[in-house]
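The values are calculated or read from the model by the stated rules, or taken from the named source; none is laboratory data. Quick caveat, the model's predicted, so the values are computed rather than measured. When we count neighbours, we look across all protein chains shown, and the Cβ atoms used for this are built from the backbone with ideal geometry, even at glycine. For the accessible areas, the whole protein counts, side chains as well, though only heavy atoms, and no ligand, DNA or RNA atoms are used. Shrake-Rupley method; radii C 1.70, N 1.55, O 1.52, S 1.80 Å.
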Amino acid sequence: TEYGIFARTDFLSNLQGWAELIDETGGKMDQSYLQNHFDQPARLALQGLNIALNTIQELPYMVMQPRSLAAQHPELSEVPNSPVSYDDVWLSIHESRRSNLLIRSIFNWLDDIPKS
């Protein structure tokens, strides 16, 4: 999954900080660009993409978001000259569910996602 650094377009000229994105297992992606940009620690640590999305829609902060998610929100812009990061997505199922049509459709959808 491609991650970019996004903020609300209205706030781009007056960003006041950044929010750290923490995944459900407590792991952290490399967010050193954000730390270096502001030369200060994150103002918030957020667990979950939707919470991070809601935060940058309301506050003048920037945060890492999957490009595919941010593209669904026209009020957001990618921060100019910011890096792109990649994170793996893992999916596993029990062998007994292999024939499940819903599970199969999810695998097919994942296979159709453009890879860079």
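Structure values in brief
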item: Qualifying residue in the range 69-89 (condition: polar (S, T, N, Q) and at pLDDT below 90); result: yes
item: Any hit, the range 18-33, residues being in contact with a Pro (Cβ under 7 Å, 6 or more places away or on another chain), open to solvent by less than 70 Å² (accessible area, probe 1.4 Å), at pLDDT below 95 and under 14 Å from I5 (Cβ atoms); result: yes
item: Some residue of the range 44-55 being under 18 Å from Y86 (Cα atoms), modelled with pLDDT under 95 and in contact with a Phe, Trp or Tyr (Cβ under 6 Å, 6 or more places away or on another chain); result: no
item: Inter-residue pairs, beta-carbon under 7 Å, first touching a residue at least 12 places away in the same chain (Cβ under 8 Å) and buried (at least 18 other Cβ atoms within 10 Å of the Cβ) and in the range 42-62, second assigned to a loop (DSSP other than H, G, I, E, B) and among the charged types (D, E, K, R), 6+ apart; result: Y61/R43
item: Failed condition for H37, given (1) touching a Phe, Trp or Tyr at 6+ places or on another chain (Cβ under 9 Å); (2) outside any loop (DSSP other than H, G, I, E, B); (3) open to solvent by less than 80 Å² (accessible area, probe 1.4 Å); result: (3)
